[in-house]
Amino acid sequence: QVQLVESGGGLVQAGGSLSLSCAASGRIFSILAIDWYRQPPGKQREVVAGISSSGSTNYADSVKGRFTISRANAKNSVDLQMNRLKPEDTAVYYCKTRLWGADYWGKGTLVTVSS
């Protein structure tokens with residue numbers, strides 16, 4: 001089983017930056033692919049970025065060039081650096097992984113971008 005805990009959310013003005021972190025329990029972190037999702041108010045959850053166990057990354061078109069996902073296996077964490085934030089980035093951000101066919105989600109961290 002894997003436990004994920006997000007941190008780093010908060011209130012920021014448009015154009016500002018925030019860094020989110022996803023900390024994972026367990027000794028198998030290095031083999032896990034981790035994805036960041038977000039759920040804006042009143043909308044469905046959507047994928048934002050992902051990173052494989054080897055470090056390959058992918059991004060939603062809406063965040064390309066502004067967000068950077070990275071992993072630090074020694075710290076069992078995956079970070080999401082968010083720059084040039086926009087009000088439409090306001091959402092609860094979740095990290096997720098899949099292990100042996102089961103999805104594991106964190107409880108989320110709220111990011112609010114004011115205009």
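The values are calculated or read from the model by the stated rules, or taken from the named source; none is laboratory data. Computed from a predicted structure; not experimentally measured. Cβ coordinates were reconstructed from backbone atoms using ideal geometry, including for glycine residues, and neighbour counts include every protein chain displayed. All accessible areas refer to the heavy atoms of the entire protein, side chains included, with ligands and DNA or RNA removed. Shrake-Rupley method; radii C 1.70, N 1.55, O 1.52, S 1.80 Å.
Residues that are on the phi > 0 side of the Ramachandran plot and touching a Leu at 6+ places or on another chain (Cβ under 7 Å) within region 28-60 are absent altogether.
Val47 - would you say it is modelled with pLDDT of 95 or more, farther than 13 Å from Val111 by Cβ, touching a Lys or Arg at 6+ places or on another chain (Cβ under 8 Å) and among the aliphatic types (A, V, I, L, M)? Spelling it out, it is not the case that Val47 is modelled with pLDDT of 95 or more, farther than 13 Å from Val111 by Cβ, touching a Lys or Arg at 6+ places or on another chain (Cβ under 8 Å) and among the aliphatic types (A, V, I, L, M).
A count restricted to region 74-83 and to residues that are small (Gly, Ala, Ser) and surrounded by 14 or more Cβ atoms within 10 Å (Cβ to Cβ) stands at 1.
If I filter region 57-73 for residues that are touching a residue at least 40 places away in the same chain (Cβ under 8 Å), open to solvent by 50 Å² or more (accessible area, probe 1.4 Å) and not aliphatic (A, V, I, L, M), do I get at least one hit?
There is at least one residue in region 57-73 that is touching a residue at least 40 places away in the same chain (Cβ under 8 Å), open to solvent by 50 Å² or more (accessible area, probe 1.4 Å) and not aliphatic (A, V, I, L, M).
Does region 84-99 contain any residue that is touching a residue at least 60 places away in the same chain (Cβ under 8 Å), within 17 Å of Leu110 (Cβ to Cβ) and open to solvent by 60 Å² or more (accessible area, probe 1.4 Å)? Yes. Within region 1-29, residues that are under 15 Å from Thr112 (Cβ atoms) and in contact (Cβ under 8 Å) with a residue 60 or more places away in the chain have Cβ atoms under 8 Å from residues that are in a helix (DSSP H, G or I) and open to solvent by 40 Å² or more (accessible area, probe 1.4 Å) in these pairs: Ala14/Pro87, counting only partners at least 6 apart in sequence or on another chain. Val63 satisfies every condition listed in (1) among the aliphatic types (A, V, I, L, M); (2) within 20 Å of Ala23 (Cα to Cα); (3) at pLDDT 95 or above except (2). Flag not set for Ile34, criterion: free of Cβ contacts under 8 Å to residues at least 40 places away in the same chain and either in contact with a Ser or Thr (Cβ under 8 Å, 6 or more places away or on another chain) or farther than 19 Å from Asn83 by Cβ (or both). One residue stands out among those in region 1-26 that are over 19 Å from Lys86 (Cα atoms) and among the β-branched types (Val, Ile, Thr): the one that is most open to solvent (accessible area, probe 1.4 Å), which is Val5. Considering region 29-46, and only residues there that are open to solvent by 60 Å² or more (accessible area, probe 1.4 Å) and more than 13 Å from Tyr94 (Cα to Cα), the residue that is farthest from the chain's Cα centre (by Cα) turns out to be Gly42. Would you mention how many residues in region 61-79 are in contact with a strand residue (DSSP E or B) (Cβ under 6 Å, 6 or more places away or on another chain) and at positive phi? Total satisfying the criteria: 1.
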